[in-house]
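What follows is one structure encoded as structure tokens, with my remarks underneath.
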Amino acid sequence: MTTGDATSGEQRTGEVRGDRLCLKCGFNLYGQSILREPHYNLLIVRCPECATVAGLQEYPSLGRWARRWAFVLAGAYALLVFVAFVVAGLASGGVTLATGEEFEREVASHVAAEHRAWFQSTDQTAVLRNAYPNQQAAVTQTITSVGNWGSWAAVNEAWWRAEGEQKVREVLGRSTSARTSIVLALTLIPLGGVVMGMVFASLLPGLRGMRLVLIPVLVGLIAVAMSATIRLANMGPPATFVEGYVRAVTLAREIVPQTSWLVLLGLLLIGVTVGAFIGRGVVRFVIRLLLPPRVAASLSYLWEADGKTYRHRRA
């Protein structure tokens with residue numbers, strides 16, 4: 001029984017069915033009894049936290065336009081959430097795909113550097129010109145590529161099979177930058193997913209329990225569709241090298257699988273799932289910690305979404 005129910009002469013006429021904040025302490029009066037006080041015959045509601053009386057005014061009906069505007073606002077909010085999912089999916093796919101390709105480029109640059117050293121020490125320029133007298137244009141392109149194209153440089157596949165792969169693996173094992181890049185990617189990408197999941201859990205209070213899994217599923221579907229499209233678009237024809245030479249990045253993919261971006265995307269979606277399930281709880285904690293009671297009470301839907309009631313912190 002509320003404080004107002006115990007006051008003599010006051011008649012209960014209903015209860016507050018919308019968010020209304022106490023003017024003194026900021027407590028959300030949703031669900032409190034609406035009373036008809038006997039002296040002035042006015043509608044009031046008493047705050048159960050501080051006993052402050054709030055007067056209620058009996059507004060006339062707003063007519064059909066109130067419902068129309070409600071539909072418009074609901075549609076705008078749904079559109080906003082849809083756009084947020086699309087942007088999140090595109091960003092997730094782009095970040096994981098770019099990170100996977102950056103791994104490939106870093107390994108490919110080591111492949112090209114080791115191959116260039118071998119190519120120059122064994123005078124492969126003369127070997128190629130003598131071996132392919134009728135393909136001088138392709139020979140020139142191959143030689144130029146070895147010296148200048150970086151991760152897209154031409155690499156002798158026989159050298160790679162005989163000694164190159166082992167040398168590159170040894171170099172990568174000693175590379176501090178390579179290990180640092182991997183650790184940062186494996187740490188920051190899931191953390192970004194956690195933040196993303198927390199945001200969507202707060203935007204969609206109607207999702208509870210296992211339905212929260214819909215958040216990573218939708219983000220993942222958009223990310224996979226975008227990333228797969230980009231991968232297919234980037235599969236252009238190979239450069240014209242002499243026989244036995246391939247791009248460094250092609251050989252690098254034997255060390256860094258082409259599916260590495262899928263592994264990174266999986267880690268991100270695990271983070272999104274975790275963020276979706278802990279999101280509203282963490283947001284509620286931050287709100288209570290940082291915001292004054294009156295402002296925090298205006299976000300009470302984050303409590304009601306999980307069957308909780310917002311109560312302000314006492315001094």
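Kindly indicate whether any position in region 270-281 is free of Cβ contacts under 8 Å to residues at least 40 places away in the same chain, part of a helix (DSSP H, G or I) and on the phi < 0 side of the Ramachandran plot. Yes - at least one qualifying residue is present in region 270-281. A single entry from F200, F241 fulfils the requirement of being closer than 30 Å to Q141 by Cα and either in contact (Cβ under 8 Å) with a residue 12 or more places away in the chain or of a type outside the set (G, A, S) (or both): F241. Of all the listed residues (A276, A223, A201, A248), the sole one being in contact with a strand residue (DSSP E or B) (Cβ under 6 Å, 6 or more places away or on another chain) and modelled with pLDDT of 90 or more is A248. Scanning region 208-230 for residues that are surrounded by 14 or more Cβ atoms within 10 Å (Cβ to Cβ), touching a residue at least 24 places away in the same chain (Cβ under 8 Å) and over 16 Å from the mean Cα position of the chain (by Cα) turns up just one, I230.
For (1) outside any helix (DSSP H, G or I); (2) within 19 Å of E104 (Cβ to Cβ), each residue gets a yes or a no:
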{"residue": "A126", "(1), (2)": "no, no"}
{"residue": "N130", "(1), (2)": "no, no"}
{"residue": "N134", "(1), (2)": "yes, no"}
{"residue": "A137", "(1), (2)": "no, no"}
{"residue": "T142", "(1), (2)": "no, no"}
{"residue": "S145", "(1), (2)": "no, yes"}
{"residue": "S151", "(1), (2)": "no, yes"}
{"residue": "V155", "(1), (2)": "yes, yes"}
{"residue": "W160", "(1), (2)": "no, yes"}
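The values are calculated or read from the model by the stated rules, or taken from the named source; none is laboratory data. What you are looking at is a predicted structure, and each value in this text was computed from that prediction instead of being measured. Glycine gets a Cβ as well: all are built from the backbone with ideal geometry, and neighbour counts include every protein chain shown.
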